[in-house]
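This report refers to the structure that appears directly beneath it.
All of the numbers you see were taken from the coordinates with simple rules; none came from a lab. As the structure is a prediction and not an experimental result, all values here were calculated from the model. Heads up, the Cβs are rebuilt from the backbone with ideal geometry, glycines too, and the neighbour counts pull from every protein chain shown.
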Amino acid sequence: MNTATRAVSSHAISFSAVSIVSWLLEHLWLIVIMLSLFASAIGIVYAKDLNRRLFIQAQSVVHENVAAKERWSKLILEQSTLAQQDRLHRIAASMDMVAPGKQVVRVVKG
């Protein structure tokens with residue numbers, strides 16, 4: 001008997017390529033379940049992280065919207081204040097402006 005045959009027959013080498021493949025085939029369902037479990041765990045972590053990032057982004061957009069509405073309200077108030085008739089008359093009077101006479105005013109019909 002040669003050395004390789006004696007080693008296999010005396011069980012000095014307990015796993016051969018054939019026994020490893022047969023063990024893998026027998027436990028294939030276990031390997032598939034473990035890989036599926038690992039992939040599922042990675043997917044859950046990714047989904048939670050994505051959810052947090054999107055929530056933070058949504059809150060940022062909401063805050064920007066509130067700030068824009070506040071700015072818009074201030075601009076509308078400023079516009080109404082600046083466009084008041086008595087204010088315009090006071091500014092015109094301080095600049096010595098007068099309303100034009102009837103003979104100078106022309107009505108254009110379109």
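Structure values in brief
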item	result
Single residue of region 68-110 satisfying the filter (of a type in the set (Val, Ile, Thr) and in a loop (DSSP other than H, G, I, E, B)) that is nearest to the chain's Cα centre (by Cα)	Val108
Candidates Val104, Val21, Val32 - the one that is among the aliphatic types (A, V, I, L, M) and loosely packed, with under 10 Cβ neighbours inside 10 Å	Val104
